[in-house]
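Asker: Could you have a look at this structure, given as structure tokens, before my questions?
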Amino acid sequence: MADIDQRTISVRNPRTGEIDFALPVASAEEVAQKAARLRENQKAWGAKSLAERIGVMQRWLGEVAKRANDIAEADAVDTGGCHTSYLQGFITMGNIGGWIEDAQAALDAASYTGPSKAMPSVDVRTQFVPYPLVGVIGPWNAPMMLVLLDAIPALFAGCSVMIKASEVTPRWVTPLFETVAAVPELAGVFDFVHGDGETGRHIIDTVDLVCFTGSVPTGRKIAVQCAQRLIPCYLELGGKDPVIVTESADLERATTAVLRGGVHANGMVCFSVERIYVAEAIHDAFVALLVEKAQKVRLNSDNPRAGHLHPFTFAPQAPIVEAQLADAVAKGATILTGGKVENINGGLYMRPTVVTRVNHDMALMRDETFGPILPVMPFKTVEEGIALANDTSFGLTANVIAGSEEEAMEIGLQVNAGSVFMQDTFLTFAKNRTVGSNSFGNSGLGGGARTGPEAILRYVRRKALLTQHGEPADIQNDHHLR
């Protein structure tokens, strides 16, 4: 029976503004008990061959397929009806299925069995030892996708995993873990706790490796706590991602790509376009066309599946965006469209907001915005555009749209970001199952790729087993010491 005195958190529905969900907060004792169970069960899970674990994950894939719609609906309630939410069943199936195909080859590529190149009489063999217990602390934007981006490869690697969804968006956990419960071997090594920052601290105190997606201030606190325990942590901490549009760029292509990159999912994506640098010669024409297209974007207030922009998932984000806009206007910026938070049936919405006459003295061009804001700034030379794009403490992704792929690539090579998208924006999903990347600046910490086949290596320690086939060295006859 649940403790009647258990602390709960009230959860707001972003579409109605109403409190419609009570989240039970796990105590330190509950976190410790679940951690102990997961650790014990991990021994058998980690001892299985990868092929055996893949068999279990294939059964889970089947269970997810059965509940894909329920999972998507729960995620959509959490976010306010983000288009990506309705794809979560498909995305999760793709995540699991991708690792079913890629895990063995990824580990094989990183292993070695054979003679030492330095000492031919010694044979070397690689062993991968999974971290026993991985903790994944999730964000409120794309809540399920970003948690599973870390949790699923960790499970394939042989780890147990404990997750904590954001207390802002926790509803998706229930339908997902109904699928987990249908696969007993997986249920033994994959579990969750609910709670807030205090619960997150309890998790860090009990696990062997931490994955966190969220803000820079929270990431700093997590990094310190992990450092005190000398455990690894992988932090993705957002961005202030630029796009450079050159004079030779096709305006139709550029404005279409920039609009989607800036306002998809209401701009509440870590790799959203948040700074737009346009060659001076085409600046005015670009802005005019961008405004025209922005004004055609629909809110989803009448139908969560029909509109393009959903409400602010996290209500306190709306005044943060308003404050950045007010600061920009006070310093000389001009808002051409949008710019106001609209309360529609309790949901907080903002239409795509094009802003001009911006500069780097404004918070709008320095701090992460997480809203549907499109600030446009001209540059005179390509060198100046690159310098502006690199003038940031972040470095998650960047974008370049030019008249040719060759011109875009030449610029992309000079931009400081973990991923640079050429001739489009929002291409990060193309990295999955293909290649990993590292973040620059405050956008991340921990090394190792989060995406691509090598991401599984985050969750194992590589162990070298060395066997001497020749005679051991004799200290009495060691010529190297003479």
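Here, each number is a calculation from the coordinates, and none is a lab measurement. What you see is a predicted model; the values in this text were computed from it and never measured. Backbone-built Cβ (ideal geometry, glycine too); neighbour counts: all protein chains shown.
Asker: With a 4.7 Å Cβ cut-off, tell me which Cys residues in the chain come up empty for a partner.
Answerer: Cysteines of the chain left without a disulfide-compatible partner: 82, 159, 211, 270.
Asker: Which cross-chain or sequence-distant (5 or more) residues have an amide H under 5 Å from the amide H of residue 249, H modelled 1.01 Å from N in plane?
Answerer: Hits under the 5 Å cutoff: 403.
Asker: In addition: Would you mind computing, in nm to one decimal, how far apart the modelled labels at residue 298 and residue 100 are, each placed 7 Å from Cα along Cα→Cβ?
Answerer: Roughly 3.6 nm, to one decimal.
Asker: So for the chain, taking the charge dipole from beta-carbon charges (+1 Lys/Arg, -1 Asp/Glu), which of 470, 149, 416 sits furthest toward the positive end?
Answerer: Of the candidates, 470 comes out farthest on the positive side.
Asker: Which value, in debye to the nearest 20, gives the size of the charge dipole of the chain about its Cα centre, when Lys and Arg are +1 and Asp and Glu are -1 at the Cβ?
Answerer: 620
Asker: Another question, if that's okay. Add -39500 (n - 2.57) for each DSSP H run of 4 or more in the chain, then divide by its residues: what number comes out at 222 nm, to the nearest 500 deg cm²/dmol?
Answerer: Taken over the chain, the calculation gives -11500 deg cm²/dmol.
Asker: Using θ = phi - 60° and the Karplus curve 6.51 cos²θ - 1.76 cosθ + 1.60, what whole-Hz ³J(HN,Hα) does each residue of region 434-449 get, with Gly and Pro shown as x?
Answerer: Each residue of region 434-449 in turn: 10, 8, x, 7, 10, 8, 9, x, 7, 7, x, 8, x, x, x, 7 Hz.
Asker: Take every Cα pair under 8 Å in region 241-431 that's 6+ residues apart, average their separations, divide by the length, and report that relative contact order as a whole percent.
Answerer: 29
Asker: I'd like to know which of 227, 168, 187 lies farthest towards the positive end of the charge dipole of region 167-230, counting +1 on Cβ of Lys and Arg and -1 on Cβ of Asp and Glu.
Answerer: 227
Asker: Here is a further query. Using modelled backbone amide H atoms (1.01 Å from N, in-plane), which distant-in-sequence or interchain residues come within less than 5 Å of residue 21's amide H?
Answerer: Here the answer is 11, since their amide H atoms fall under 5 Å of that of residue 21.
Asker: Same structure again: For region 389-401, in order, what is each residue's ³J(HN,Hα) by Karplus, 6.51 cos²θ - 1.76 cosθ + 1.60 with θ = phi - 60°, in whole Hz (x at glycine and Pro)?
Answerer: 4, 7, 7, 7, 8, 9, x, 7, 9, 8, 9, 9, 10
Asker: Taking just the C-alpha trace of region 241-431, give me its Rg and Dmax in Å.
Answerer: 15.5, 49
Asker: I'd like the FRET efficiency for residue 343 and residue 8, computed as 1/(1 + (r/R0)^6) with the beta carbon distance as r and R0 of 30 Å, rounded to 0.05.
Answerer: Computed FRET efficiency for residue 343 and residue 8 comes out at 0.70.
Asker: Give the lysines whose C-alpha is closer than 29 Å to that of residue 117, dropping any in the same chain fewer than 8 places away, or say none.
Answerer: The qualifying lysines are 463.
Asker: Residue by residue, what Karplus-based ³J(HN,Hα) values in Hz, rounded to whole numbers, does region 224-234 have, using 6.51, -1.76 and 1.60 with θ = phi - 60° and x for Gly and Pro?
Answerer: 5, 5, 5, 5, 5, 9, 6, 10, x, 9, 10
Asker: Also, quick follow-up: Which order do 112, 234 fall in if you start with the one that has the fewest other Cβ atoms within 10 Å?
Answerer: Final ranking by Cβ density, sparse to dense: 112, 234.
Asker: Place +1 on the Cβ of every Lys and Arg and -1 on the Cβ of every Asp and Glu in the chain, take the dipole about the Cα centre, and give the residue among 278, 109, 307 whose Cα lies farthest towards its positive end.
Answerer: Checked the options; the winner is 109.
Asker: Could you pull the Rg and Dmax for region 114-227, using just the Cα atoms, both in Å?
Answerer: 17.3, 58
Asker: Can you list residues from other chains, or at least 5 along the same chain, whose modelled amide H is less than 5 Å from the amide H of residue 444?
Answerer: Placed amide hydrogens put 237 under 5 Å from residue 444.
Asker: Looking only at region 251-292, which residues have a backbone nitrogen under 14 Å from a spot 7 Å from the Cα of residue 383 in the C-beta direction?
Answerer: From region 251-292, the list is empty.
Asker: Report the Stokes-Einstein translational diffusion coefficient (µm² s⁻¹, integer) for the chain, Rh taken as the Kirkwood radius over Cα pairs, at 37 °C with viscosity 0.692 mPa s.
Answerer: This corresponds to a translational diffusion coefficient of 137 µm²/s.
Asker: Find the Rg to Rh ratio for region 7-48, where Rh is the Kirkwood radius over alpha-carbon pairs and Rg uses the same atoms.
Answerer: Reported Rg/Rh, Kirkwood definition of Rh: 1.30.
Asker: Could you compute the net charge surrounding residue 356? Neighbours are other residues with a C-beta less than 14 Å from the C-beta of residue 356; K and R count +1, D and E count -1.
Answerer: For residues surrounding residue 356, the net value is +1.
Asker: Note down the net charge around residue 433, summing +1 for each Lys or Arg and -1 for each Asp or Glu among other residues with Cβ under 12 Å from its Cβ.
Answerer: Residues close to residue 433 contribute a combined charge of -2.
Asker: For a Förster distance of 22 Å, can you work out the FRET efficiency between the beta-carbons of residue 129 and residue 473, rounded to the nearest 0.05?
Answerer: 0.20
Asker: What residues of region 168-202 lie in the reach of a label at residue 32, counting those whose backbone N is under 18 Å from a point 7 Å from the Cα along Cα→Cβ?
Answerer: 193-194, 198-202, by backbone N distance to the label point.
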